[in-house]
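Peer 1: The following block contains the structure, expressed as structure tokens.
The values are calculated or read from the model by the stated rules, or taken from the named source; none is laboratory data. It should be emphasised that the depicted structure is a prediction, and the values quoted were computed from it without experimental measurement. Methodologically, a virtual Cβ is constructed for each residue, glycine included, from the backbone with ideal geometry; neighbour enumeration extends over all protein chains shown.
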Amino acid sequence: MTFTVAIDGPAAAGKGTISKAVAAHFGFAHLDTGLLYRGVGAKVLLGADPVEAAQTLEVIDLEGDHLRTPEVAQAASQVAVIAEVRAALVAFQRGFGARDGGAVLDGRDIGTVICPDADVKLFVTASAEKRARRRFDELNAKGMELVFEDVLADVEARDKRDRERDTAPLKPAADAIEIDTTQMTADAAIAHAIALITAARSR
């Protein structure tokens, strides 16, 4: 049985939290597609060829805190401009989405580019101010002393880049259901997503 759930949205809107919870609830596999280029970048730092690293990437390569380091982030941005790398990772994502047992993929172009035929497409969003506040609180809790206005500026700049890029810009699919989490708790947003997917599965 294949059942694909595509969850897109901007940074800190809550799509990762919702995706993990949805996958756990239904027993589906989950893929945070934002880790793919980091996974390739980490392998390149160990001496791998970028294209070969992308073509041989496995789910296990996406696990571990080492993917969150600045060095890996920099390597990820460098490999992301290579057309052959992007093509290999699109194939990886599509293969993951078509796996038996159901799959949840979250990112920025899942419903529009990667899995346009997904059974359910959700677009999770929130105001820039709310998303910046969430990111600010999260990073402060980790001991990072930041200025809220700087975090907000970063969120807005990233939004602009994601929406205006030529390849796979951030936008909801025409048939995606929007979940605005600005005024929602995480539990409420998760419950809403689960209800939407449950309804789709019963059709």
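Peer 1: Since Arg135 meets every condition but one in (1) in a helix (DSSP H, G or I); (2) surrounded by fewer than 17 Cβ atoms within 10 Å (Cβ to Cβ); (3) touching a residue at least 24 places away in the same chain (Cβ under 8 Å), which condition does it not meet?
Peer 2: (2)
Peer 1: Would you be able to tell me the number of residues in region 81-119 that are part of a loop (DSSP other than H, G, I, E, B) and of a type in the set (A, V, I, L, M, F, W, C)?
Peer 2: Looking only at that region, the number is 5.
Peer 1: Identify, by number, the condition in (1) crowded, with 20+ Cβ neighbours inside 10 Å; (2) assigned by TED's automatic domain parsing to the domain that holds Ile114 that Tyr37 doesn't meet.
Peer 2: Condition (2) is where Tyr37 drops out.
Peer 1: Quick one: is Ala193 at pLDDT 90 or above, under 20 Å from Phe3 (Cα atoms) and surrounded by fewer than 16 Cβ atoms within 10 Å (Cβ to Cβ)?
Peer 2: no
Peer 1: Oh, and also: Got a sec? Which of Leu146, Leu152, Leu122 is outside any helix (DSSP H, G or I) and surrounded by 15 or more Cβ atoms within 10 Å (Cβ to Cβ)?
Peer 2: Of Leu146, Leu152, Leu122, the one residue that is outside any helix (DSSP H, G or I) and surrounded by 15 or more Cβ atoms within 10 Å (Cβ to Cβ) is Leu122.
Peer 1: Continuing with this model, one more query. For Leu67, which of the numbered conditions (1) assigned to a helix (DSSP H, G or I); (2) more than 23 Å from Ala21 (Cα to Cα); (3) among the aliphatic types (A, V, I, L, M) fails to hold?
Peer 2: Of everything listed in (1) assigned to a helix (DSSP H, G or I); (2) more than 23 Å from Ala21 (Cα to Cα); (3) among the aliphatic types (A, V, I, L, M), Leu67 misses just condition (2).
Peer 1: Against the definition (touching a Ser or Thr at 6+ places or on another chain (Cβ under 9 Å), of a type in the set (Gly, Ala, Ser) and over 18 Å from Ile190 (Cα atoms)), how does Gly34 come out, yes or no?
Peer 2: No.
Peer 1: Look through Asp159, Asp175 and report the one residue that is within 19 Å of the chain's Cα centre (by Cα), more than 23 Å from Arg68 (Cβ to Cβ), outside any strand (DSSP E or B) and not assigned by TED's automatic domain parsing to the domain that holds Ala80.
Peer 2: None of the other options fit; the residue is Asp175.
Peer 1: Would you mind telling me which numbered condition in (1) surrounded by 21 or more Cβ atoms within 10 Å (Cβ to Cβ); (2) outside the structural domain of Asp8 (by TED's automatic domain parsing); (3) of a type in the set (A, V, I, L, M); (4) modelled with pLDDT of 95 or more Val79 fails?
Peer 2: So the condition that Val79 fails would be (4).
Peer 1: I would also like to ask the following. Out of Thr2, Thr56, I need the residue that is polar (S, T, N, Q), surrounded by fewer than 22 Cβ atoms within 10 Å (Cβ to Cβ), within 29 Å of Ile197 (Cα to Cα) and over 14 Å from the mean Cα position of the chain (by Cα). Which one?
Peer 2: Exactly one of Thr2, Thr56 is polar (S, T, N, Q), surrounded by fewer than 22 Cβ atoms within 10 Å (Cβ to Cβ), within 29 Å of Ile197 (Cα to Cα) and over 14 Å from the mean Cα position of the chain (by Cα), namely Thr2.
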